[in-house]
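The values are calculated or read from the model by the stated rules, or taken from the named source; none is laboratory data. All values derive from a computational prediction rather than experimental measurement. Positions of Cβ are generated from backbone atoms using ideal geometry, with glycine treated the same way; all protein chains shown enter the neighbour counts.
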């Protein structure tokens, strides 16, 4: 069971609710140690005095604000603790806003908020249910780990979720930071209408379990292959950027292709081809349809196995090979994957 990283009280109006904060996510990134090339010696970092080159103990380090010209204002960590706002460990909700009003760019990290004991469960559920029914998020601030955070509190099924937010002056203005932005819409009504139809055709229900980190899988396979002395085949290069001249043609073909894949009888429906416009959502929807009824057949089983497999990208072929547990798939090129999947389907 997870351990609380912060505890205090949540207040809204005259109501006070003792709560605990828990990390909502975890990192699954493959972590590497740093070694000196040609050896198995680990590389470590030390805190050193840049003038003397001698190592400095952590307790002997203070913070210095650079005034320029080699002058610094020295600040001790204890002095920062003394001026920290909100030392009473209170998350005070100062207002409620519509959930859609908080732009995604402001969201930072996500935590679960839990009542500190069974006796506070009813108060907790009253707030959670009210937020859910009103589709509101509570805006508050509190101090954690020596830093004041702006936060948004919202309802999720059975739990309150707390998001730390970036302060307004931490969010960059895209018009000042980005080198190129369109100055007004230059798209024709026909292009926009076709693009909207494509978006509608590729619309799916959000199911996070349909998505997984394929890059991390490849990293782990690379490590495993190198440990066994095998070779990993490089991925295909990304597709070429769409030319503005061919935009309308590609949009229209994408709509027709997505419609065609949806109109296929369920017995003939398989994983769709990669769309020129880069839509993977339809493939996810096909997968979900397979879950609701009979298992969605793979391309290798739906009429002309080799011909259908040749229409898939290497990524899609590799995913099929992974699902079928084909040995040695990580070092196969596209033709070898097609051959192996064809044999597996026969």
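Hey, can you tell me all the residues within segment 30-57 that are surrounded by fewer than 10 Cβ atoms within 10 Å (Cβ to Cβ) and either in the same structural domain as residue 111 (by TED's automatic domain parsing) or in contact (Cβ under 8 Å) with a residue 24 or more places away in the chain (or both)?
none
Conditions first: (1) more than 24 Å from residue 208 (Cα to Cα); (2) free of Cβ contacts under 8 Å to residues at least 12 places away in the same chain; (3) assigned to a loop (DSSP other than H, G, I, E, B). Residue 1 passes all but one, so which condition is the exception?
Here residue 1 meets the rest and fails (1).
Filter segment 88-107 down to the residues that are free of Cβ contacts under 8 Å to residues at least 60 places away in the same chain and touching a strand residue (DSSP E or B) at 6+ places or on another chain (Cβ under 7 Å), then identify the one that is farthest from residue 13 (Cα to Cα).
So, considering only residues that are free of Cβ contacts under 8 Å to residues at least 60 places away in the same chain and touching a strand residue (DSSP E or B) at 6+ places or on another chain (Cβ under 7 Å), the one farthest from residue 13 (Cα to Cα) is 107.
Considering segment 319-346 alone, what residues qualify as being assigned to a helix (DSSP H, G or I) and touching a helix residue (DSSP H, G or I) at 6+ places or on another chain (Cβ under 6 Å)?
320, 321, 324, 329, 330, 334, 337, 338, 341, 342, 344, 345
Quick test for you: out of 137, 110, pick the one residue that is touching a helix residue (DSSP H, G or I) at 6+ places or on another chain (Cβ under 6 Å), touching a residue at least 40 places away in the same chain (Cβ under 8 Å) and either surrounded by 11 or more Cβ atoms within 10 Å (Cβ to Cβ) or not assigned by TED's automatic domain parsing to the domain that holds residue 158 (or both).
Just one listed residue meets the conditions, 137.
Could you list, in sequence order, the residues of segment 134-165 that are outside any strand (DSSP E or B) and farther than 15 Å from residue 22 by Cβ?
Correct list: 134, 135, 146, 157.
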